[in-house]
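Coordinate-derived values only; no laboratory data. These numbers were taken from a predicted model, which means no experiment stands behind them.
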Amino acid sequence: MHWRRATSRWHPGRSAARRSRFPGRAAAHRRAVVRHERHGVQSSLETSRLRLVPLAANHADALYRVYAEPAVAEFLVSRPRSSNELATVFDLSIQFGESHGMWAVVSREDGTLLGRVGFFPFGEAGRPELAFLLSRSSWGRGLATEACAWALEHALRSHPWREVVALVRPANTAAIRVVEKLGFSPESELILNGDVGRLYQASRGRLEACRTTSGWS
């Protein structure tokens, strides 16, 4: 792994917490379905515990509250410093949702918005970047891996991407466990506005192989 300084890069905030498209620990999870409530990139995805709904304006207030949680903000790679900056992040998330896919993560149990997951273009080359965050109350239950795995599954069907990257803080061990479980390996460390971020990468072949052999559990 090597260091490099990021240049000409916009990056929305991101954080993490925790489990799988085929979680292995519960057979019911294997009966998860994809419901194509929209066409193309922005389809709704559903598992036994979560609904991934295309991010929309009505999710803004609830998502802002997640961003504002101290435990979540601690691990954001880029921290919006005002409500206006946070609004810009949200607007860009919706914009990239149309091209890459971006979902609100909602509990099927009670309809609570738990966070968001999806893809941003990373750097000047526009490499697809998996980005996710969940409310602190949702950590430790495997929900991040579950949401990310479904998003990746959908992305592999919807895009000809040859790779996906993910950016996390080195201290965010929970997020690192998530991306490593999904098949990502460390590529480099970046300096972003004075903060350290670790870039992980997985080829399409690696993701498909990991999904097949381990079920992303």
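Once the mean 1/r over all distinct Cα pairs of the stretch 163-215 is inverted, what Kirkwood radius in angstroms do you read off? Result for the stretch 163-215 stands at 11.4 Å.
Relative contact order of the stretch 86-217, taken over Cα pairs closer than 8 Å and 6 or more residues apart, is 17 percent. The value obtained for the stretch 63-217, namely the Cα convex hull volume divided by the number of residues, is 119 Å³ per residue.
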